[in-house]
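All remarks here apply to the structure that follows.
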Amino acid sequence: MTEPEPLLRTLAPLLRGLDRRLRGWLDARRAQPLSMLQRAELEGLDTDLQRQAAALDVEKPLLVIMLMGGTGVGKSSLLNALAGSPIAQSSFTRPTTRDPVVYYHQSVRSDRLDPALRLCRLAQHDRPGLEQKVIVDTPDLDSNDTANRDKLIALLPVADIVLYVGSQEKYHDKLGWELFKEQRKRRAFAFVLNKWDRCLTNESGVRPDEDLLRDLKDEGFTSPLLFRTTARAWLEANGATPADLPAGEQFPLLKNWLELGLTRLEIEAVKAHGVTQLLAQIARAAEGAKPPDLDEAAAKVADAWERVLAEEAAVQAEVLVGALEPYQTEVEHHFSVEGQQRFRGLMAAYLRVTTMFRYAGSRIRDRHPITGRLLGGRVETPVEWNLGSFVQDCAKAAGERVLDQRASALVNKLLVDADQRGFPPALLQERTAAVSRLDWRDRVTRAVIDALAEVERRATHPTGWRKALRGTLGVAANTLPEVALVATAAVLLWDFFVVGNTDISLFRLSLVGLVPLVVIIVLHLLILMLLPIRWPAIRGEFRRELGARLDAELERVYRPIPGEIAAALTAERAEVDALVADTKQVSDWLAERQQAARVGELYGS
């Protein structure tokens with residue numbers, strides 16, 4: 001007969017790989033954080049996974065059999081009977097004040113024991129049949145001292161098989177049964193009804209063993225292992241068979257099961273089954289922590305936000321235009337100065353002079369050194385007007401009054417809209433709050449400057465018939481004043497030299513300047529009437545252009561947020577699916593290799 005494949009040595013690396021994947025998933029930053037309960041559960045499962053991997057990566061794995069029961073059921077007597085004699089205090093290799101007792105083979109180094117077991121009272125033996133088994137006697141689960149119950153609960157994760165010990169009085173007490181129902185999801189269970197001689201009475205009613213079997217059947221144990229024992233009688237017999245044993249007493253059967261029934265194949269199957277249950281819990285916990293699929297909701301939210309952001313941009317544009325309203329003279333001045341760049345010669349000189357005096361009250365006057373001195377301005381002001389600084393001041397004033405408060409209100413409105421469309425607002429809160437804390441004044445300033453520049457471009461470079469009219473007036477303004485000057489001078493010279501008119505009056509001489517000036521004034525009036533650049537004319541266009549730019553900026557930073565978070569959640573779902581798939585793959589691999597061992601009676605359905 002060939003030696004069975006040591007599946008646990010193969011299983012240990014698989015569990016370590018799962019641990020690395022689970023640990024990486026737990027430590028990763030995620031769009032939907034785990035709740036406190038989810039993290040606590042998964043952290044505990046990961047700790048168990050690490051413990052299992054370390055315990056299985058050995059040539060001969062140790063099977064931990066833990067005795068659990070209430071006060072007075074005879075757990076210690078049962079351990080002493082299994083040992084063949086009382087385990088004397090002097091035999092403890094590590095005496096402590098703790099109650100749990102660990103009974104293990106002398107060939108096993110204490111450092112191979114689980115760290116939780118090393119803190120208990122350690123008792124060695126030389127029984128060959130128990131070489132790979134560690135039997136642990138635990139404190140009473142119903143002890144009045146809660147510290148004892150805490151010690152039991154701390155030790156239970158180490159157990160592979162729990163030997164639930166009861167008596168005729170305590171085989172189904174509330175505390176023990178609740179703990180059993182909780183732990184049966186992860187542990188193998190066998191049952192001992194000790195003090196069997198007291199269960200066989202002539203009283204009417206259901207016998208304790210029959211009652212216990214019925215309750216176990218209700219819990220899904222179709223054929224549980226139940227041993228009926230009188231441990232004290234076997235202990236007092238000092239290894240011999242006690243006399244007058246009650247009918248159906250099964251202590252030898254229990255001892256035989258521990259020593260011979262749990263072979264290496266069964267040990268590996270039990271430990272592997274514990275791993276299977278652990279993997280199933282990991283898969284369930286991961287599935288429970290898997291974020292929802294919000295792709296469809298994200299598309300709905302993005303569409304809804306488009307409307308909200310457009311409304312907000314229109315309101316902000318109106319606020320900013322209102323902030324610029326008191327400075328419409330400066331804006332008109334700026335447009336006039338920029339529009340004059342296309343004129344040359346006499347017309348350009350005339351426009352510079354008239355503009356200088358026309359906008360003498362504007363802050364832009366500081367770009368003219370002469371008027372700056374005359375009107376008390378700063379001589380050191382740069383030649384070009386700082387439009388950015390001017391707009392920034394206006395944006396700052398508007399921000400202090402309205403825009404800062406609207407940023408918080410906008411975030412709240414967006415979150416409410418998302419909630420109404422099935423997108424959890426908690427997932428959006430951090431990102432939207434971060435966006436609202438951006439330096440919006442710089443962005444608003446840039447939008448105002450760009451909107452003014454675009455309106456200016458349209459005003460100074462019109463299309464259609466306005467383009468033709470502007471071109472005609474431009475050509476006329478750049479040529480007619482000089483033509484009028486030359487023509488007037490030529491007429492006066494002709495009259496003087498050819499006609500012989502020697503009447504040189506001041507009026508005739510002034511015609512050289514007056515005629516071109518009249519031409520310039522007429523052309524200027526035509527420009528003002530036909531191509532006006534006034535604040536009322538450009539205000540509406542400026543507001544629409546500014547609103548469009550603010551809307552584009554708001555959409556650029558806010559609208560992608562739901563889609564990005566939904567994409568992150570999709571990636572997280574894929575991570576969970578991959579983790580669950582790996583877990584299932586290991587479980588399936590285990591299931592294929594557990595068919596040879598018959599340990600099903602240790603587990604309920």
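Dividing the convex hull volume of the alpha carbon atoms of region 463-530 by its residue count gives 72 Å³ per residue.
Using the crude model of +1 on Lys and Arg Cβ and -1 on Asp and Glu Cβ, and no other charge, please compute the dipole size for region 459-568 relative to its Cα centre, in debye to 20.
Numbers: 11 positive and 9 negative charges, 69 e Å.
That gives region 459-568 a dipole magnitude of about 340 debye.
Eigenvalues of the alpha-carbon gyration tensor of region 231-315, scaled by 5 and square-rooted, set the equivalent ellipsoid semi-axes at 71, 15, 9 angstrom, largest first. Under a 5 Å amide H cut-off, with hydrogens placed 1.01 Å from N, residue 134 pairs with 63, 64, 65 among residues at least 5 apart or on other chains.
Which whole-number percent is the relative contact order of region 116-249 (Cα, under 8 Å, 6+ apart)? After rounding, I find 20 percent. With a Förster radius of 30 Å applied to the C-beta separation of residue 502 and residue 482, the computed FRET efficiency comes to 0.60. Largest first, the extents of the alpha carbon coordinates of region 205-264 on the three principal axes equal 40, 39, 14 Å.
Quick check on my link table: of 133/271; 75/151; 300/413; 195/271; 217/584; 75/255, which ones sit more than 23 Å apart, alpha carbon to alpha carbon? Please report the intermediate quantities before stating the final value.
On the way: 133/271 12 Å; 75/151 16 Å; 300/413 15 Å; 195/271 30 Å; 217/584 28 Å; 75/255 14 Å.
Violating the 23 Å limit, Cα to Cα: 195/271; 217/584.
Placing a pseudo-label 7 Å from each Cα along the Cα-to-Cβ vector at residue 439 and residue 178 gives an inter-label distance of 6.0 nm. Extension gain for residue 342-residue 577 works out to 77.8 nm (0.36 nm per residue, less the C-alpha to C-alpha distance).
State the percent of C-alpha pairs, over all pairs in region 160-254, separated by a distance greater than 15 angstrom. Percent of Cα pairs beyond 15 Å in region 160-254: 62.
For a paramagnetic label modelled on residue 85 (point 7 Å from Cα along Cα→Cβ), amide N atoms under 12 Å away belong, within region 237-271, to 238-239. For region 142-154, backbone phi angles converted through the Karplus equation (6.51, -1.76, 1.60; θ = phi - 60°) give residue-by-residue couplings of 10, 5, 5, 7, 4, 5, 5, 5, 4, 5, 4, 5, 5 Hz, Gly and Pro being listed as x.
Averaging over all projection directions, the Cα-based convex hull of region 416-549 occupies 14.0 nm² in the image plane.
Using the beta-carbon distance between residue 454 and residue 526 and R0 = 25 Å, what value does 1/(1 + (r/R0)^6) give for FRET efficiency, to the nearest 0.05? Given R0 = 25 Å and the Cβ-Cβ separation, E is 0.45.
A crude spin-label estimate for the pair residue 207 and residue 430, with each label 7 Å from Cα along the Cβ direction, gives 6.3 nm. Extension gain, residue 534 to residue 280, is 83.9 nm, computed as 0.36 nm per intervening residue step minus the present C-alpha separation. Here the gap between residue 38 and residue 127, fully extended at 0.36 nm per residue and compared with their Cα-Cα distance, gives a gain of 27.6 nm. Annotation: amide H-H contacts under 5 Å for residue 169 (H modelled 1.01 Å from N, sequence separation of 5 or more, or interchain): none.
Coordinate-derived values only; no laboratory data. Bear in mind the structure is a predicted one, so any value in this text is a computation, not a measurement. As a convention, Cβ positions derive from the backbone with ideal geometry for all residues, glycine included, and neighbour counts pool all protein chains shown.
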